Structure formats: C-alpha cells, structure tokens
There are 2 protein chains.
Amino acid sequence: MSVPTEIELGITADLHVHLREGAMMELITPTVKQGGFSIAYVMPNLVPPVTSIERVTTYHESLKKLSPTTTFLMSFYLSKELTPELIEEAGSKKIIYGIKCYPAGVTTNSKFGVDPNDFSSFYPIFEVMQKHGLVLNIHGEKPAVKNTTQSEEDDIHVLNAEPKFLPALRKLHQDFPKLKIVLEHCTTSDAVALIRELNKDTKPEDEVYVAGTITAHHLSLTIDNWAGNPINFCKPVAKLPKDKRALVEAATSGERWFFFGSDSAPHPIEAKSTHVGVCAGVYTQSHALGYLADVFEESNKLENLVKFASTNGLGFYAQPQILEQAAKLDKQRAWVVKRPVQVPEVIANSQLRVVPFRAGETLNWAVEWR
Amino acid sequence: MSVPTEIELGITADLHVHLREGAMMELITPTVKQGGFSIAYVMPNLVPPVTSIERVTTYHESLKKLSPTTTFLMSFYLSKELTPELIEEAGSKKIIYGIKCYPAGVTTNSKFGVDPNDFSSFYPIFEVMQKHGLVLNIHGEKPAVKNTTQSEEDDIHVLNAEPKFLPALRKLHQDFPKLKIVLEHCTTSDAVALIRELNKDTKPEDEVYVAGTITAHHLSLTIDNWAGNPINFCKPVAKLPKDKRALVEAATSGERWFFFGSDSAPHPIEAKSTHVGVCAGVYTQSHALGYLADVFEESNKLENLVKFASTNGLGFYAQPQILEQAAKLDKQRAWVVKRPVQVPEVIANSQLRVVPFRAGETLNWAVEWR
C-alpha cells in the first residue's frame, strides 16, 4: 500500500485538555486549533475547582473569546460540592458533558479530589450522569500511603498506582454498566488489557461504555525519558518500554474504546526547571496531531489515525449536538500533510514561557486547515 | 536494651566518594571529615579520567592540602589506557587501592567506560589486581540499547539495568574468585540477594571477595522521591519500596559483605534545576554519618552502625597500612551524638552552591570528633 502524503481527519477531538486560567489560558487556548483539533474537552482542575454552573459558564465564555472556532466541551470536578440536582440541570442543558474524578493528591490541583475507596458516596451523582449520558472521566491512580507500608502487596508507587486503581474501575463499571466511563491517560499494558476485557462483549453495533484515552506523549516516552528530564515528567508517569508498546498498539489499533486525550498540561518553564517539586505535566497542545501522525506512520497505521483522533472519541461521547456545533463554528477541517515541522524551543507571550514536548525536534507531519 | 545517646565509631570509612576538581573540590573535600569520615575512597571519573600515576598523585596532593587529616584512597578508571605494567607499579607502591569500572554512558562522566560484555579484554589487568589485592569497583548497570528492543526480555531501562548487569558480576567472580570486587551503590533486592549468595560459603574466618556498598540516600529514597525532585535523581536511580527495605535490612544486618560507600556526588544547583539533562547524583558528604545513624536508629540496629561505617569496609579492603595512615593523620575519632542537626539548604563558596540531601530537614544525630 502506498503511504499517503496528506490525510483529511475531518472534525477532530482532543478529549482531555488543560487550558488553565489567566495568562496561561490566553497563551494556550489558541493552540488547540493550531495543534489540529476542532473540539477540546476541558478539564476542571482550576483553583478552586470548577463545580458550579456559573463558574463553568464564565470559564467557557473566556475560552470561546480566545478561540472562537474551537468547540469547548466543559466538565465539572467531582467533589462533595456537587449535588444530583446540579448535575441534573447542568447535564440536561448540555452545560457540561462530563465530570472529572481525581483521586486526592495524585497530580496538579488534585487536592480537592476523592478517595477511590469511597466512590459509593457519589453513586447518586453517577445515577444522574448515566441518565443524561454524561461521561465520568477518571484519573486512575490509587493514592500512595506514604512510608507506612511494609509489604510489597501494600506498596503503592508511581509505577503501580494505575494498575492498583484498576479494580475500582472494574467495580464501577459493574455497578453502573450504562455509565460512560473513561480511564484517562492510560499508561500501562494492564490498563489497556482491562479496557479490552471490559469491551470483550461489545459488538460493532453496541454503544461503548468504558474507554481509555491515550496521550501523545505516552506513545513516545518511557521512564528513561523523564528520569533526569523534568520536562517529560507527568502524572501518571510514563512507564516501561513494554507499556509504551502496548499503548502504541492500542492507539493505532482502531478499536473504538481507545481514543485521543492529550492531557496537554502546560506549566511555566520555571515550574519545570527546579530541583524540587517539579510540576507534573507535558505540554503537547500546539503540535498534538503532528506527534500522533509521526507515531501512526512509524507503526504503519496511518489509516487508523482518523479513528483515534476523531471518530472513536466522538462516537463514545455520542452527543450529536457536539458535531453540529463544531461544524457550525468552524467551516475548515483538519488535515495532516507530510512536511517537516520544527517544534519551537518555547511557546511564549509577554508573561509566560512554556516548553513544548519534543522542543527543537522535527516532526514529519504538519497540520493544515482546509 | 537501652538506646545509646552517643556511639564511638573509631576510624570510619566512606568507600565511594566523588570529590571532583577545581572549585567543587575545594568546597566538598573538607566535608568528608565534617560528615564523620576518616577515610575516603576517591572516584576517578574526572575529565579526562584518572588513568596515570602522575595524574592520580597530583590529584591526591590537591585533596590532602584541602583536608590534611583525611586519608584519601585513590583509584584508577578502568579503560583501554591502563596496562598490566602500570597496575603492577601503582598497586605495588600503594598509589592506588582499586580501579573503578564504569559501563559506558550510564552516569556522570562515564563516556570513557567499558562494555560489560567485553570484560575479557581486561583480564590481564584483573590478574595483576588480584595479585596485589586491588579492588575492582563496579558501577553495575547494563547500558541501555535505545529504542531498538521489541520484547520485554531485551528491554533495558533505569529500573532493571542493575539486575540485568548481575550475571556479568557472577561470571567475573567465577573467573576471578580471589579478585576483590565491589558492586557499588546496590539499589535492588536482586543485588542484595546476589551478594549474599556469592558469600554463602564465606566462613567468619574467611576473607570476603565480593561485597556491595550501599549509599545513605538509597536507604531513604524510592522512585516516588525522585519523580519530580531532580535533587534526588542519581544513577542508579532509587527503586521501589521493596528494594529500599532490602537495602536497609542489608546495611543494618552487620554482614561483612555490606558496607558504606556514600557515592556522594555534588553538582552545582544549576545542574539540578533544569528542565532537561539533570545531572545524576545526590550530595550526602557533609552529613553522611548523621543520615546513617537516623536509619540505623529507626531500624533498632544502632549496634551495627560501626560495622557498616567502619569495620566491614576496612576489613574488605584489608590493607593494614590504610588504618595506620589514618591513625597517624588524625588523632581524633568519629562519634555520633544524639542531638538535632539541621541540614542547611545549601553548601556554598563564592563560586558554587550545592544542595545537600534532605536539605532543610532535621537529623537526630550529630557528628563529633573526639
């Protein structure tokens, strides 16, 4: 088969982005489109977290002003402040499309998060979410109990925090088989295997209820890349080579339960260049589709790029008005074109400098809007 | 048993230190004594590496000027430049006490190192070392083959590089059963297990031929401590909680084949506070014995501290003139005294700032020389 030199991807969706607030939001928000994406599902881990209709609406307005042709899908932050009534209103009016669940303390601005052993207190919320097709987006890491364990069985650390979380995902799906759940930013072969297992009876005509997003950076990084390179440090951390191979295989497989969520997480360079307390997060937004095209080409799976970057994710979210809105806001469609593009050393405005993933390197694929 | 509040440790030995050159050497060398150690075994990974009698003698003189009461044991860097004749001379005259072997490319200034699959070309050197009781100090990590492996069996990464190296150590001991070999800075339960296995027939009256050093920082750190904290990043990296427990158990066991080598490796703060290319190394020299006393107390094994910090290592090196020289150079002996000591945020001179391990924290034990 001849390799295409340009691919139309249509209405593309990055179903996990961090756009922040203030100067960072101003710098980053336009890069969703620049990176090749029509639609962005926006994470709510601001300070304080997004838990009210007023706050999410204001935030949405700010984003739209910064990039009028981008479709932003908004979310709430799962916490005790949410009530079934609030979710009923926000869900029925399509003010939000999902709720993000952070286990307490595992990543940037997750201190208001939940104890994954205590999901049951949120079951009334999940009932309403199921009813409205709202998606539960889960950061799937079990929080570590610091320095108190004495047996390997009990140890939780950055490498096994995701596998240790998976039984909680399995139980949640069992308890809410029609609740749409995304295990965000899968990083392990164990996570890939569980998503597949939970879909083993999903027929082509069935709706998908449990899916996994995979980032661009976890398709390239392993532990050796962030050891000594804080710019590549994120949570969940990139794992072992075998895990990376499993993620690439899953992402490029075309299977409907795997789709793109960049988890692009910008931090000022000062927060990455420090000897202690490096902020977790890799910024990939500005070149997201280019990174993906490189990986898909290397795997000889360019034909599945459109599934990963568009149709699988939009199919899972399964809300027709999303596509309608995106089609209306932007008449152009995303393409990747085989043409070298150098990733800049830094993306900056007058107040901030952010170092993008693979800074200074050359990508094989450029984004064009046509 | 009542817990002592002061312990005499006699002539103490840190059998793996990096003292650098120039301004860093001037800043760090006096901290060997400050940290509680009479004797320091000095690593040869300068640029270019130490491979000649002239260079090692000059280096030794510089160190003695900076800390006249410290006994410095010098070493060569294993490389093609060494000849059996050179080792014969340097060994018989006690100019060096051992030779350090770095697998190429695994840590700071190791690019001149050797391929661990190619030890056989050094066998003539090892013959001479064996004859003179010179110690082969091995950085036991197998170099990674970048991005070319496709199976878990072949993968080499920062977590398994040490276990993957262990067969080479086993073979070397088999080929040279009377060559003194140290697996430096053990970081895994696998390494601890192999050192024990290779000593399973060593009787109390026998000489020890294969030993492992353990650092102070690997008794406290796990992967979670360096993920996001470049100050704690070193090679080999700190591993999982189960590994740390095995190291603490080995260090505090009193077994003769485990002793202290701090691998204290200072870098200017600028080399640790960077978003890419963080230098590997943890600086522990200035408070070395205090860190150890804290760990031994926590394990209720203070009675074995003298073995780990003094007699086991000196027994292994087994050169009477070392003790004689140390006794002559310094009439005082190291003690630890139970008294809170705050680790400073930084150790500095007019040119350099180095952040010590556990900066800003309070240790329970202070060093005194009496």
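In region B:160-175, the residues that are over 9 Å from B:Gly140 (Cα atoms) reach residues that are hydroxyl-bearing (Ser, Thr, Tyr) and modelled with pLDDT of 95 or more with C-beta atoms within less than 9 angstrom, at least six apart or across chains, in these pairs: B:Asn160/B:Thr188; B:His173/B:Tyr209; B:Asp175/B:Tyr123. Evaluate the following for B:Leu179: is it on the phi < 0 side of the Ramachandran plot, in contact with a helix residue (DSSP H, G or I) (Cβ under 7 Å, 6 or more places away or on another chain) and open to solvent by 30 Å² or more (accessible area, probe 1.4 Å)? Answer is no for this residue.
Is it true that A:Leu63 is more than 14 Å from every other protein chain (Cβ to nearest Cβ) and within 19 Å of the chain's Cα centre (by Cα)? Judged against the criteria, A:Leu63 is a match.
For region B:196-205, the condition of being surrounded by 21 or more Cβ atoms within 10 Å (Cβ to Cβ), at pLDDT 95 or above and not β-branched (Val, Ile, Thr) holds for at least one residue. Within region A:271-285, the set of residues being free of Cβ contacts under 8 Å to residues at least 12 places away in the same chain and of a type outside the set (A, V, I, L, M) comprises A:His275, A:Gly277. Quickly run through region B:97-113 and pick out the residues that are surrounded by 20 or more Cβ atoms within 10 Å (Cβ to Cβ) and over 16 Å from the mean Cα position of the chain (by Cα). Scanning region B:97-113 gives a single hit, B:Gly113. Screening B:Pro230 with (1) away from every other protein chain (no Cβ under 13 Å); (2) open to solvent by less than 20 Å² (accessible area, probe 1.4 Å) gives one miss only, at (1).
Among the conditions (1) closer than 26 Å to A:Arg20 by Cβ; (2) modelled with pLDDT under 95, A:Ala318 misses just one, which is (1). Scanning region B:248-260 for residues that are crowded, with 24+ Cβ neighbours inside 10 Å and either of a type in the set (Ser, Thr, Tyr) or more than 14 Å from the chain's Cα centre (by Cα) (or both) turns up just one, B:Thr252.
Take the conditions (1) within 11 Å of another protein chain (Cβ to nearest Cβ); (2) in contact with a Phe, Trp or Tyr (Cβ under 7 Å, 6 or more places away or on another chain); (3) open to solvent by 60 Å² or more (accessible area, probe 1.4 Å); A:Glu152 misses just one of them, which is (2). Looking only at residues of region A:206-227 that are in a loop (DSSP other than H, G, I, E, B) and either in contact with a Cys (Cβ under 8 Å, 6 or more places away or on another chain) or more than 8 Å from chain B (Cβ to nearest Cβ) (or both), we find that the one that is surrounded by the fewest Cβ atoms within 10 Å (Cβ to Cβ) is A:Asp206. Of the listed requirements (1) open to solvent by less than 20 Å² (accessible area, probe 1.4 Å); (2) farther than 21 Å from A:Leu19 by Cβ; (3) charged (D, E, K, R), A:Asp263 misses just one: (2).
What do you reckon, is A:Val42 aliphatic (A, V, I, L, M), at pLDDT 95 or above and within 13 Å of A:Val17 (Cβ to Cβ)? Spelling it out, A:Val42 is indeed aliphatic (A, V, I, L, M), at pLDDT 95 or above and within 13 Å of A:Val17 (Cβ to Cβ).
Of B:Pro84, B:Pro143, B:Pro103, all but one fail to be modelled with pLDDT under 95 and in contact with a helix residue (DSSP H, G or I) (Cβ under 6 Å, 6 or more places away or on another chain); the exception is B:Pro103. If only residues of region B:266-285 that are more than 7 Å from chain A (Cβ to nearest Cβ) and part of a helix (DSSP H, G or I) are counted, the one that is least open to solvent (accessible area, probe 1.4 Å) is B:Gln285. Scanning region B:2-23 for residues that are in contact (Cβ under 8 Å) with a residue 60 or more places away in the chain, of a type outside the set (S, T, N, Q) and either under 23 Å from B:Glu184 (Cα atoms) or in a loop (DSSP other than H, G, I, E, B) (or both) yields B:Val3, B:Pro4, B:Leu9, B:Ile11, B:Ala13, B:Asp14, B:Leu15, B:His16, B:Val17, B:His18, B:Arg20. Checking the structure you have, find out if any residue of region B:239-246 is more than 7 Å from chain A (Cβ to nearest Cβ), part of a loop (DSSP other than H, G, I, E, B) and buried (at least 23 other Cβ atoms within 10 Å of the Cβ). Within region B:239-246 (the criterion being more than 7 Å from chain A (Cβ to nearest Cβ), part of a loop (DSSP other than H, G, I, E, B) and buried (at least 23 other Cβ atoms within 10 Å of the Cβ)), the answer is yes, since at least one residue qualifies. Of all residues assigned to region B:34-54, at least one qualifies as being of a type in the set (S, T, N, Q), closer than 30 Å to B:Ser299 by Cα and in contact with a Ser or Thr (Cβ under 9 Å, 6 or more places away or on another chain). For B:Pro44, indicate whether it is surrounded by fewer than 17 Cβ atoms within 10 Å (Cβ to Cβ) and either on the phi > 0 side of the Ramachandran plot or not in a helix (DSSP H, G or I) (or both). No, not satisfied. Just a yes or no: is a residue in region B:184-195 farther than 27 Å from A:Ala227 by Cβ, surrounded by fewer than 24 Cβ atoms within 10 Å (Cβ to Cβ) and more than 10 Å from every other protein chain (Cβ to nearest Cβ)? No, region B:184-195 contains no residue that is farther than 27 Å from A:Ala227 by Cβ, surrounded by fewer than 24 Cβ atoms within 10 Å (Cβ to Cβ) and more than 10 Å from every other protein chain (Cβ to nearest Cβ).
The values are calculated or read from the model by the stated rules, or taken from the named source; none is laboratory data. Values in this document were obtained by computation on a predicted structure and should not be read as measured data. As a convention, Cβ positions derive from the backbone with ideal geometry for all residues, glycine included, and neighbour counts pool all protein chains shown. Surface areas here come from the heavy atoms of the whole protein model, side chains and all, with no ligands, DNA or RNA. Shrake-Rupley method; radii C 1.70, N 1.55, O 1.52, S 1.80 Å.
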